[in-house]
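To start, the structure itself, in structure tokens.
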Amino acid sequence: MEIWKLLILFLSAFLGGAAIFLVKSDKSQLLKLILSFSGAYLFAITVLHLIPEAYSGPDHDEIGIFILIGFLLQILLEQFSEGVEHGHIHKHNDNHVFPYGIMISLCLHAFLEGMPLAKDQHNALIYGIALHHIPAAFALASILVQSHFNRNSVILYISIFAIMAPLGFYVSYGLSNGSIGGVEAYFNKIMGIVIGIFLHISTTILFESSVDHKVSKRKMIAVICGVAIALIGFYTSGHSHHHAH
């Protein structure tokens, strides 16, 4: 995998978290639009790229089970992360109490998302993960700042979160090429789990942020842009690539 792809994964999360030190005014409206865009893009690439690919393998009759596992796993993770994956920022006024549940579940979540990249290095998937880590990292950083952690500590924890998706890729790559254990068969199953996670996160972003299920004009434009960019990517790379097979 080209190093720039891993850099995109790392920097999107790192800069998304570090942005907490640049934001002086309340940017929650902008964050909501970025979230809507990333949710729509994530949902579109899941439907266009990931689901067809996961079902194209030899164990396709079992993939649905792993999608369900991923969906339920994300519900479980959110009991500890308080929805930080989709940009939820809750007030944490405890003095210097480290949010272990949030940190551990976010890191596990990012690690799992990096794993399928060892096999499926579509740019669409990389951009999808990178996009949705920006608001997640920002929300994590804001919780740490509210808990009165100093700048160096916040940057350290954001760096740990940012390294998780590239780390997931490396562990997965090691498994797939035999240097850790040579288990090629597990790939589509992990892809199924990630599909379940993505379906949960993207639909939660799209539905939860709408008051009374009404979608504002700006949010609708953000959603359409997210889907349109996924479709452009589908027709310019993935679609022709699959037909070539």
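Since every read-out is calculated from the coordinates, none of them should be taken as a lab result. Computed from a predicted structure; not experimentally measured. Cβ: placed from backbone, ideal geometry, glycine included. Neighbour counts: every protein chain shown.
Site pair Asn150 and Leu7 shows an inter-label distance of 3.1 nm when each label is modelled 7 Å from Cα along Cα→Cβ.
A full extension of the chain between Phe98 and Leu76 corresponds to an added length of 5.9 nm, given 0.36 nm per residue minus the alpha carbon distance.
Which order, highest average first, do 152-159, 187-194 follow once you tally other Cβ atoms within 10 Å for each residue and take the mean per peptide? Numbers along the way, then the final one.
Numbers: 152-159: 16.8, 187-194: 24.0.
My ranking of the peptides, most packed first, is 187-194, 152-159.
Go ahead and collect, in residue order, the members of the stretch 37-58 whose backbone nitrogen is under 11 Å from a label point 7 Å along the Cα-Cβ direction of Ile221. Of the residues in the stretch 37-58, none has backbone N under 11 Å from the label point off Ile221. Take the Cα of Gln29, step 7 Å toward its Cβ, do the same at Ile232, and the gap between the two points is 2.6 nm. Computed from the Cβ-Cβ distance with R0 of 30 Å, the FRET efficiency linking Asp59 to Leu108 stands at 0.80.
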